[in-house]
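Everything on this sheet refers to the single structure shown next.
The values are calculated or read from the model by the stated rules, or taken from the named source; none is laboratory data. These numbers were taken from a predicted model, which means no experiment stands behind them. Note: ideal-geometry Cβ built from the backbone for every residue, glycine included; neighbour counts use all protein chains shown. Heads up: the accessible areas ignore ligands, DNA and RNA and are worked out on the full protein's heavy atoms, side chains in. Shrake-Rupley method; radii C 1.70, N 1.55, O 1.52, S 1.80 Å.
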Amino acid sequence: MRKIALLVATLLLPISFASAQSNIKLSAANGVENEDLMNVLRFQGINYTKVKFSGTDLWGKNFKIFLRDFHQNKLVKTYEIFDSTEDEFFKIKEQEFGFNVLVQRTSSNKAKFDFRFLGFGVVKEIVLDSDQKDFMLKSLQTENSETNISLNKNQTILSFMMPYQSKNGILKYVDVNQAGSTPEELGKKFKIPRYFLIDIRFD
């Protein structure tokens with residue numbers, strides 16, 4: 001009986017592994033092409049990134065979006081921004097899916113996250129300390145590249161980070177792709193006091 005159970009478990013291993021794989025690709029673009037509109041966004045202190053997912057495995061999938069808040073190298077809060085299972089209307093019915101993310105540090109010392117989907121949006125505001133400024137919204141990939149997205153797994157797609165101070169005293173923003181660390185470890189490695197990670201999950 002034990003041998004049979006072991007054989008069944010062995011046969012199921014490839015199936016379980018394959019279920020996490022997909023042909024979904026992520027591409028992201030920071031800013032907008034229209035120069036006048038980009039200048040308006042800069043003037044208002046608004047960060048803008050457009051994310052797009054493509055692949056036949058998107059058909060019939062639900063998705064969740066999370067926002068993680070890191071303070072002094074520790075994860076202090078995870079917010080569930082959106083869950084498509086709340087209504088059948090939100091389930092993905094095409095092989096392309098995308099949304100825009102706008103983030104602004106408001107005059108009331110808050111980070112205002114605005115997720116814009118086709119026909120609806122979700123806004124989340126989080127209080128910042130008065131000295132937590134100069135955040136930048138960045139994708140976790142190089143320009144004109146695509147990232148593989150797995151199913152049934154949370155994956156970080158964007159970061160909203162403060163700059164760090166280099167050895168010569170210059171403030172710089174982390175190049176996430178070249179940092180050699182996971183997004184969660186960037187605060188500790190570069191001594192970034194506050195940053196946020198945006199995750200997505202497809203099921």
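How big is the charge dipole of the chain about its Cα centre, in debye rounded to the nearest 20, if each Lys and Arg gets +1 on its Cβ and each Asp and Glu gets -1 on its Cβ?
760
Distance from the Cα centre of the stretch 85-121 to that of the stretch 161-192, in angstrom?
Centre-to-centre (Cα) distance: 27 Å.
Going by average Cβ neighbours within 10 Å, how do the peptides 147-153, 74-80 rank, with the highest at the top?
Peptide ranking by packing, descending: 147-153, 74-80.
First compute the accessible area of the stretch 89-203 with a 1.4 Å probe, then give the percent of it belonging to carbon and sulfur atoms.
46
Which one, [x] 128; [y] 202; [z] 173, gives volume of the Cα convex hull per residue in Å³ as derived from the coordinates shown?
Only one listed value fits the structure, namely [z].
Could you compute the net charge surrounding G187? Neighbours are other residues with a C-beta less than 13 Å from the C-beta of G187; K and R count +1, D and E count -1. Before the final figure, lay out the partial values.
Values: positive: R68, K74, K188, K189, K191, R194; negative: D69, E184, E185.
So the surrounding residues net to +3.
Largest first, how would M38, M161, M136 line up by accessible area (1.4 Å probe)?
Heavy-atom accessible area, descending, gives M136, M38, M161.
In terms of the Cα gyration tensor, with a ≥ b ≥ c the square roots of its eigenvalues, is the stretch 116-166 rounded because a/c is under 1.5, prolate because a/b exceeds b/c, or oblate?
The shape class here is oblate.
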